[in-house]
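See below for the structure under consideration.
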Amino acid sequence: MNVSQLKTFIAVVDHRSFSEAARLLGISQPAVTMQIQALESDIGAMLLDRGYRKIDLTEAGAALVPYARRILDQIDDARHAIDMLSDTVTGRVTVAASTTPGQYLLPRVLGAFLKLYPEVGVTLRVYDSADVVERVEAEEADLGMTGAEVPGARVHYEQLGVDELLLICPPEHPLADRETLKFSEVAAQPFIVREAGSGTRMVSEDLVRRAGVDPGDLNVVMELGTNEAIVSAVEGGMGMGIVSRQVAAKALELGTVARVPGAGFPVERPLFLVLPRRSLTRAADALADHLRATM
C-alpha cells in the first residue's frame, strides 16, 4: 500500500468514475485501474464493485475510506509542519479562479503579494466556477476564488468581498435607463447568458428565480464562454445580459452599452476563497492571508 494508491482510491470513490479520477489526477485510465488492483491485492479484498453503469464501494472499501482520508490528511499536515520550519516562505502556489476574479481582481493583488514574498511563484488559471472547485477538490490547485458556491463540493468556502452584477442592454434599447421596471417585463427580451457552470450564470439564475421567473422561461438567444463576449454581443445589439460591473465598466464609459437600473439591479454577489480540506502549504497559507487582508 502506498500514498499514490490511496490517493487514486479516494479520487475514484469521490467521483464514482475511473475515467474522471484519471482526468483529475493527470494519469491514464489504465494507470488508475492498475493502482486500484495493486491496492486490492495488497489488502486482500475487493474494494470497489465495478458495475456496468456505476461504481460502488464494497464493505471492505467502505471500511478503508475513513482511514485512507485520515492518512492523506496526516501526510498533508506533516508537509505543512516541515514547511513551517523555514523562516523564508518559498514554493509555488497554483490558484484557480473564475472569470471575474481571475481576470479583473487577482492579477493586481498577486503583484503586491509577489513583492512581499519574492521567493514564491504563483500560477493563475481561469476556469468556470464549477471547474475551479473541482480542481481545488482534486488538489490540482492550492486555492480557488469564485463568485458562487458549488453545492456538495468537498471544499471550504470563505467570503472575501463582493462583486456587483449589472443588467446591460444596447444603448438604444427601450428599457435602457428604466428605473421603475419589474423583472417580468425583462424576461421576454432576448438574453445572452454565460455557459452552465459559470458563477455568473448560477447567481443570475438564482436572481431570476427570486424575481418569480423560471430561468427556463427566459428568451435565451445565445450562451457564451466569457463575460467579455456577453458585453460584445450586447454592443452588437443581440440582446440583454447580466455581467460584473468591472467587466462592463469600459463599455459603459464609452456608451456602447447601457445599464438597466430597474428590475432589482444592480445586485451584489459574494466572492469566495475556495480552500481544500487538507492543510495548506506555507506559501499557499501566506497567499490566503494576503487575500483576506486586501480584498
Flagged in segment 19-39 as surrounded by fewer than 19 Cβ atoms within 10 Å (Cβ to Cβ) and either on the phi > 0 side of the Ramachandran plot or in contact with a Leu (Cβ under 9 Å, 6 or more places away or on another chain) (or both), in numbering order, are Gly26, Ala31
When (1) small (Gly, Ala, Ser); (2) out of contact with any helix residue (DSSP H, G or I) (no Cβ under 9 Å at 6 or more places or on another chain); (3) part of a loop (DSSP other than H, G, I, E, B) are applied to Ser41, the one that fails is (3)
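Please work out which residue is nearest to Ala248 (Cα to Cα), limiting yourself to segment 97-129 and to residues that are touching a strand residue (DSSP E or B) at 6+ places or on another chain (Cβ under 9 Å), aliphatic (A, V, I, L, M) and part of a helix (DSSP H, G or I).
If we filter segment 97-129 for residues that are touching a strand residue (DSSP E or B) at 6+ places or on another chain (Cβ under 9 Å), which is where we start, we get 97-107, 110, 113-114, 119-129.
When the remaining residues are screened for being aliphatic (A, V, I, L, M), the result is 97, 105-106, 110, 114, 120, 122, 124, 126.
Narrowing further to those that are part of a helix (DSSP H, G or I): 105-106, 110, 114.
Values: Leu105: 14, Leu106: 17, Leu110: 22, Leu114: 28 Å.
Restricting to residues being touching a strand residue (DSSP E or B) at 6+ places or on another chain (Cβ under 9 Å), aliphatic (A, V, I, L, M) and part of a helix (DSSP H, G or I), the top hit is Leu105.
Only one of Leu275, Leu252, Leu287 is under 22 Å from Arg108 (Cβ atoms), at pLDDT 90 or above, assigned by TED's automatic domain parsing to the domain that holds Val203 and not polar (S, T, N, Q). Can you tell me which? Steps first, answer last, please.
Numbers: Leu275 fails: assigned by TED's automatic domain parsing to the domain that holds Val203; Leu287 fails: assigned by TED's automatic domain parsing to the domain that holds Val203.
Criteria check complete, one pass: Leu252.
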Residue hits (segment 214-242; farther than 13 Å from Pro190 by Cβ, at pLDDT 95 or above and either loosely packed, with under 13 Cβ neighbours inside 10 Å or over 25 Å from the mean Cα position of the chain (by Cα) (or both)) are Glu235
Residues in segment 1-15 that are of a type in the set (S, T, N, Q) and surrounded by fewer than 19 Cβ atoms within 10 Å (Cβ to Cβ) total 2
Of the candidates Thr58, Thr33, Thr94, the one satisfying the condition of being of a type in the set (S, T, N, Q) and within 30 Å of Leu160 (Cβ to Cβ) is Thr94
Pairs returned, first residue in segment 155-181 that is surrounded by fewer than 17 Cβ atoms within 10 Å (Cβ to Cβ), second residue that is basic (Lys, Arg) and at pLDDT below 90, beta-carbon separation under 9 angstrom, 6 or more apart or interchain, are His156/Arg277; Val162/Arg269; Glu164/Arg269
Counted residues in segment 255-272 being at pLDDT 90 or above, of a type in the set (Val, Ile, Thr) and under 30 Å from Val155 (Cβ atoms) come to 0
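The values are calculated or read from the model by the stated rules, or taken from the named source; none is laboratory data. A quick note: this is a predicted structure, and the numbers were derived from the prediction, not measured. Positions of Cβ are generated from backbone atoms using ideal geometry, with glycine treated the same way; all protein chains shown enter the neighbour counts.
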